[in-house]
Amino acid sequence: MTDHKPVESWLTDMDGVLVHEERAIPGAAEFIATLQKSGKKFLVLTNNSIFTPRDLRARLLAAGIDIPEEAIWTSALATAQFLDDQRPGGTAYVIGEAGLTTALHEIGYVLTERAPDYVVLGETRTYSFEAITRAIRLIADGARFLATNPDPTGPSQEGPLPATGSVAALITRATGVAPYFVGKPNPLMMRSALNRIEAHSETAVMIGDRMDTDIISGLEAGLRSVLVLSGSTGEHEVDRFPYRPTRIVESIADVVPLIDALS
C-alpha cells in the first residue's frame, strides 16, 4: 500500500467493521476519532436501507461511536441519487422502510401504486406478501425493477433474516425480470460515495469485512482495500476468491496506525 499515492480519503463498511449487532467493535471509536483529528475525508457505507443517516448516527452513538450524519452513506441514498440522475421527478412503488422512502421523498419522487416508473425494493424486517404481489404485478405491467442491494440475508439476534436479495430473487422468478442492484458490490456505490466527499479513487481506501461485496466493489472502483477479519469473511476463505484485498488485518483497531502511516 505504501507504493501508492498518499491516502487522503477513507471509506468503510459499518456492520462487521465498526459494529456487530449494535455493539462497537474495539478500536472503532478510536478509528473515527483519529480520522476526524487528521482532517481526512471519510464516509461510512452500509447496504442497509432500513434506517436514515440520522437513525444510524443515533444507533452508532449509543454504541459509543460518534459519526456525523453527513458522513453516513446508505444504499437507500445511493439508490435515490441513481433515480434522480436517471429519471428526475419520477414515480415509484416502494417496498422498504423510512431509510428508503425518506431518501426518495427528498429527491422529489412520488410514491404510488398507479403505473409507477419503478418498483424499488429495499430491506425491511416485515416483508408483506401483499406488497410483493403488488410489485410482481407492476413489473409485469412494465415498471422498471430496482433494488437497493443484493444481500440475501441480514443479521438479527435470533439469526439470519431474509433480506433484499432473497426477495428480489422471488420477484425475478415470478416475473422473469432481474433488478438493477445499486448497492455493493456494484462499484456505483463506491463512485457515488467518492463523489459525495469529492475524493479520488487513487487516493482512497475501502475497509470491509466481506470479500464478495466490500472488497470487490472497492477493487472495481479502483480503490485500495483492507479486509478486516472481525465480520463475515474468515482468513481461510480469502484464497477461494480470484482477487485479494490490498491488506488483511484482524480488526479496525489495526487500521488506526495506517491513517498516519499512509498519509
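Brief remarks on what is shown
- The set of residues from the range 231-257 being within 23 Å of G154 (Cβ to Cβ), at pLDDT 95 or above and hydroxyl-bearing (S, T, Y) comprises just one member, S251.
- Residue selected from the range 126-185 under the condition small (G, A, S) and touching a strand residue (DSSP E or B) at 6+ places or on another chain (Cβ under 6 Å), by the criterion modelled with the lowest pLDDT: G154
- Residue count, the range 136-155 (criterion: small (G, A, S) and assigned to a helix (DSSP H, G or I)): 1
- Some residue of the range 113-135 being touching a Leu at 6+ places or on another chain (Cβ under 9 Å), touching a residue at least 12 places away in the same chain (Cβ under 8 Å) and assigned to a helix (DSSP H, G or I): yes
- The set of residues in the range 199-220 being assigned to a loop (DSSP other than H, G, I, E, B), more than 14 Å from the chain's Cα centre (by Cα) and farther than 11 Å from L43 by Cβ consists of H200 alone.
- Helices (runs of 4 or more DSSP H) lying entirely in the range 1-95 (those with 1 or more residues that are farther than 24 Å from R247 by Cα): 53-62, 75-86
- Among the residues of the range 31-61, those identified as small (G, A, S) and within 24 Å of E250 (Cα to Cα) are A33, S38.
- Out of L188, L194, sole residue that is part of a helix (DSSP H, G or I), touching a strand residue (DSSP E or B) at 6+ places or on another chain (Cβ under 8 Å), of a type in the set (A, V, I, L, M) and in contact (Cβ under 8 Å) with a residue 40 or more places away in the chain: L194
- Among residues that are surrounded by fewer than 18 Cβ atoms within 10 Å (Cβ to Cβ), of a type outside the set (D, E) and out of contact with any Pro (no Cβ under 6 Å at 6 or more places or on another chain), T246 is included.
- Of all residues in the range 2-29, those that are free of Cβ contacts under 8 Å to residues at least 40 places away in the same chain and in the same structural domain as I216 (by TED's automatic domain parsing) have Cβ atoms under 8 Å from Cβ atoms of residues that are in a loop (DSSP other than H, G, I, E, B) and surrounded by fewer than 23 Cβ atoms within 10 Å (Cβ to Cβ), 6 or more apart or on another chain, in A29/G64; A29/I65; A29/D66.
- Filtered residues of the range 105-127 (kept if among the aliphatic types (A, V, I, L, M) and either outside the structural domain of V167 (by TED's automatic domain parsing) or closer than 19 Å to P150 by Cα (or both)): V119, V120, L121
- Being in contact (Cβ under 8 Å) with a residue 60 or more places away in the chain and more than 20 Å from R114 (Cα to Cα) is a property that holds for G154.
- Within the range 166-181, the presence of a residue that is buried (at least 18 other Cβ atoms within 10 Å of the Cβ), farther than 14 Å from G16 by Cβ, free of Cβ contacts under 8 Å to residues at least 40 places away in the same chain and touching a Gly at 6+ places or on another chain (Cβ under 7 Å) is excluded.
- Conditions (1) more than 17 Å from the chain's Cα centre (by Cα); (2) under 21 Å from D214 (Cβ atoms): number failed by T153: (1)
The values are calculated or read from the model by the stated rules, or taken from the named source; none is laboratory data. Computed from a predicted model, the values in this text were never measured in an experiment. Cβ sites come from the backbone with ideal geometry, for glycine too, and all protein chains shown count toward neighbours.
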